[in-house]
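K.L.:
Got a structure here, written out as structure tokens. Questions coming.
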Amino acid sequence: MQSGLPVLVLVGRPNVGKSTLFNRLTGTRDALVADYAGLTRDRQYGRGVFEDKAFIVVDTGGLMPESADPLAALAEEQAQMALEEADHIFFLTDAPAGRHSSDEAIASKLRKLGKPITLLVNKTEGRARGNDRGTMVADFYALGLGEPQPVSAEYGDGIVSVMRSVMGKFPANDATLPDIEGEVRVAIVGRPNVGKSTLVNRLIGEERVVAADKPGTTRDAIRVPFEYEGNAYTLIDTAGVRRRSRVEEVIEKFSIIKTLQAIENAHVVIVVVDAHADIGEQDARLMGLVAQRGRAMILAVNKWDGLDSGDREQAKYQVGLKMPFLDFTPVHYISARHGSGVGVVMRDVKVAYESTMKDLPTPELTRILERSVDRHAPPAVLGRRIKLRYAHQGGSNPPQIVIHGNQTDKLPTTYKRYLANEFRAHFELKGVPLVLTFKTGD
Ligand code: GDP
Ligand code: GDP
């Protein structure tokens, strides 16, 4: 069973329009107003939906030549992996600039991959349909990647038909794991070496990990059911977690795309960081990806054993500094090696699961809305008071509440946050973001 979202990867030299296309495909106005404070969207990894099919889109940036900068090298490694993990590649070129020598270099690299590629000739909006545009586009045939498709990332011309033909290849329904009543799906994510495998072994035992490690396609998300303190869970096994049960096993590279696939399939994500290492940008970025997808999240600061009190204080300070958006994410300091703290993490997983799947009945939602408005009315805009009438549940995982009223687009963020807090407190939603959507009906 294929159980990952299709992966679309954008490639091209700088300035051809990759990030513009990325924004168009992911939607600049994210439906998810996750109430993580100060959360910014990831500019390279996103999720989009086209005609009811979800996909992952990756902007590789400009495939840079070798760079001395280690961060650039890391980005380059992830860009290469993205190409390897791509289901479809969009190669962007720039019509007004014409065919460029770096286009040729990229094209020859891409041809070797043997992956499905669509050659996009961008910035063709407003060109006459006739000769002008035809000549512009024809020039790109020479790249040897099939028929160049004229598009405009900025204005949208041509994008729908290109997307329709690409997305047509992918099945509609089995991109993510089907829900099984009561199944608590947990993903364990984190940078290499933070202790993910050790935690998995502690939770399910080494033999089970080996048993689960059946070769399949890389895209199979493997479900590993296990019990912990009498509760049943299912581990969404990612390649990064599966290895290391045998010494001779090749260590698999850390893949952001595989991490995203696991996040997609999970109810609750345990993000593991290493208290011995600097808690840094990569950790924060992973947490940002979990938050962006609206998943319930628990932060496990691992390797708490063997730290003196000074180091512990320093690690706690780092967590507070680097992850300021963790308003409601439980943080636990654990030792996967010795097991301390692991039980508390798993109890929180259960609580977060219950929160993320909770039924929020309309009458109760509306009652809380009315009570909140009575206690603290929304402000008036140009002398007209913003009205909030009723609320209903829009979905689960993450919980979504749709609020109907008028002039709701004028509601200040502080007021939305106040409402979110009221709902959160009443329904005891823990460890999970709450998505509020507003609909104006007048
Ligand atoms: P990237 O470096 O490949 O990510 O390129 P960007 O998306 O940052 O775009 C580079 C420039 O091209 C920006 O100024 C964009 O506004 C512009 N651009 C992108 N797409 C189009 C398009 O379809 N038409 C026109 N005219 N300009 C575009
Ligand atoms: P992964 O790459 O995230 O799966 O990390 P591993 O589970 O393979 O662990 C990386 C290294 O950290 C190994 O040498 C582990 O023995 C060590 N490690 C894992 N958990 C702990 C812990 O709780 N305390 C200490 N001190 N070391 C740990």
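K.L.:
Provide a single number: the residues in segment 140-172 that are at negative phi and either β-branched (Val, Ile, Thr) or surrounded by 15 or more Cβ atoms within 10 Å (Cβ to Cβ) (or both). Walk me through it before giving the result.
P.N.:
Restricting attention to segment 140-172, the residues satisfying the condition of being at negative phi are 140-143, 145, 147-155, 157, 159-172.
So of that shortlist, the ones also either β-branched (Val, Ile, Thr) or surrounded by 15 or more Cβ atoms within 10 Å (Cβ to Cβ) (or both) come out as 140, 143, 145, 148-153, 157, 159-160, 162-163, 166-167, 170.
The total comes to 17.
K.L.:
For segment 403-416, check the following and say yes or no: at least one residue is β-branched (Val, Ile, Thr) and either buried (at least 16 other Cβ atoms within 10 Å of the Cβ) or assigned by the TED database to the domain that holds GLY230 (or both). Break it down stepwise before answering.
P.N.:
Pass one, segment 403-416, residues β-branched (Val, Ile, Thr): 403, 408, 413-414.
From what's left, either buried (at least 16 other Cβ atoms within 10 Å of the Cβ) or assigned by the TED database to the domain that holds GLY230 (or both): 403, 408.
Yes - at least one qualifying residue is present in segment 403-416.
K.L.:
What number goes with the only condition from (1) at positive phi; (2) away from ligand 2 (no atom under 16 Å from the Cβ) that ASP348 does not pass?
P.N.:
(1)
K.L.:
Got at least one residue in segment 306-318 being assigned by the TED database to the domain that holds LEU203, within 12 Å of ligand 2 (Cβ to nearest atom) and part of a loop (DSSP other than H, G, I, E, B)?
P.N.:
Yes, segment 306-318 contains a residue that is assigned by the TED database to the domain that holds LEU203, within 12 Å of ligand 2 (Cβ to nearest atom) and part of a loop (DSSP other than H, G, I, E, B).
K.L.:
Oh, and also: Just for segment 179-202: of the residues that are under 14 Å from VAL301 (Cβ atoms) and small (Gly, Ala, Ser), which one is farthest from ligand 2 (Cβ to nearest atom)?
P.N.:
Checking each candidate, the answer is GLY190.
K.L.:
Still on this structure, please answer the following. Against the condition assigned to a helix (DSSP H, G or I) and touching a helix residue (DSSP H, G or I) at 6+ places or on another chain (Cβ under 7 Å), how does LEU388 come out, does it pass? Before you say what the answer is, go through the steps one by one.
P.N.:
On the way: assigned to a helix (DSSP H, G or I): no; touching a helix residue (DSSP H, G or I) at 6+ places or on another chain (Cβ under 7 Å): yes.
No.
K.L.:
Still on this structure: In segment 187-270, which helices (runs of 4 or more DSSP H) lie fully inside it and hold 1 or more residues that are over 22 Å from VAL290 (Cα atoms) and at pLDDT 90 or above? Working first, answer last.
P.N.:
Values: elements: 196-204, 206-212, 239-242, 256-265.
It comes to 196-204.
K.L.:
Given the conditions (1) buried (at least 19 other Cβ atoms within 10 Å of the Cβ); (2) free of Cβ contacts under 8 Å to residues at least 60 places away in the same chain, which single one is not true for PRO398?
P.N.:
So PRO398 meets the others, but not (2).
The values are calculated or read from the model by the stated rules, or taken from the named source; none is laboratory data. Nothing here was measured: the structure is a model prediction, and the numbers come from that model. Cβ coordinates were reconstructed from backbone atoms using ideal geometry, including for glycine residues, and neighbour counts include every protein chain displayed.
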